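Undergrad: Right, I'll just put the structure down here and ask away after.
The values are calculated or read from the model by the stated rules, or taken from the named source; none is laboratory data. Worth saying up front: this structure is predicted, and the values here are computed from it rather than measured. So basically every Cβ, Gly included, is an ideal-geometry build from the backbone, and we count neighbours across all protein chains shown. For the accessible areas, the whole protein counts, side chains as well, though only heavy atoms, and no ligand, DNA or RNA atoms are used. Shrake-Rupley method; radii C 1.70, N 1.55, O 1.52, S 1.80 Å.
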Amino acid sequence: MLAIGSPSGTRIINCVAQSLLNKLFYDVPLQASLMLPRYHQQWLPDEIRVEEGFDPAIAGKLEAKGHVIHTQDLGCKVQAASMQSQQSVSAFSDMRGAGKALAF
C-alpha cells in the first residue's frame, strides 16, 4: 500500500512516523503529509527541534511546561510511493531538498 523513507540519521524514525501518521491516521493526502512541519526530540540535547511553520501555539504550550524549543531544519527529505489502485501508483518527493520519487 505504501513505501516511505528518508535520510537523516536519528531523525529518520520521527520524520517517517509523522508522515505516516498524517497519511494513515489523520487522512491527509500523501503529498501534503510530506510537507507538514515536523518536530524531533532525542534526549540529548534536551530540546525539541521544530521546523519553520510549526504551530506557535503548540510551541508556546510546550515552553510553558519547561521544554526548550529550537527552530531548525531537521534534514529529513521523505520520499514515498503509494498504490492508488491495482493499476496506479503515485510517488512523491519531499520539497525540502533535492530528490525525485518514481514508481513503476
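Undergrad: Name the residue, out of 45, 29, 37, whose mean-square fluctuation peaks in a Gaussian network model built on the chain with Cα pairs under 10 Å.
TA: In this elastic network of the chain, the residue with the biggest mean-square fluctuation among 45, 29, 37 is 45.
Undergrad: Considering only lysines 8 or more places apart in sequence, or on different chains, count the pairs in the chain whose C-alpha atoms sit under 27 Å apart. List each step's numbers first, then the result.
TA: On the way: 23/61; 23/77; 23/100; 77/100.
So the count of such lysine pairs works out to 4.
Undergrad: So, one more: Expressed as a whole percentage, what fraction of the accessible surface of the chain belongs to carbon and sulfur atoms when a 1.4 Å probe is rolled over the protein heavy atoms? It would help to have the intermediate numbers written out before the result.
TA: Details: 3990 of 6700 Å².
Roughly 60 percent, rounded to a whole number.
Undergrad: Okay, next question. Return the loop-located GluC sites (Glu not before Pro) in the chain (DSSP other than H, G, I, E, B) with at most 12 other Cβ atoms within 10 Å of their own Cβ; answer none if there are none. Walk me through the numbers before you get to the answer.
TA: Working: sites: 47, 51, 52, 63; in loops: 47, 51, 52.
Here the GluC sites (Glu not before Pro) that fit, given the DSSP loop and packing criteria, are 52.
Undergrad: Moving on. Can you pull out the chymotrypsin sites (Phe, Trp or Tyr not before Pro) in the stretch 15-46 whose DSSP state is coil and whose Cβ has at most 13 other Cβ atoms within 10 Å?
TA: Values: sites: 25, 26, 39, 43; in loops: 26, 43.
Sparse-neighbourhood loop chymotrypsin sites (Phe, Trp or Tyr not before Pro): 26, 43.
Undergrad: Comparing 36, 24, 44, which has the greatest mean-square fluctuation in the GNM of the chain with Cα pairs linked when under 10 Å apart?
TA: Comparing 36, 24, 44 in a Gaussian network model of the chain, the most mobile one is 44.
Undergrad: Please compute the net charge surrounding residue 74, taking Lys and Arg as +1 and Asp and Glu as -1 over other residues with Cβ under 9 Å from its Cβ. Kindly include the intermediate steps, with their values, before the conclusion.
TA: On the way: positive: 11, 38, 49, 96; negative: 51, 73.
Combined, the nearby Lys, Arg, Asp and Glu give +2.
Undergrad: Report ³J(HN,Hα) in whole Hz for each residue of the stretch 3-19, in order, from the Karplus equation J = 6.51 cos²θ - 1.76 cosθ + 1.60 where θ = phi - 60°; Gly and Pro get x.
TA: Whole-Hz 3J(HN,Hα) from phi for the stretch 3-19: 10, 8, x, 7, x, 2, x, 5, 8, 4, 4, 5, 5, 5, 4, 5, 5.
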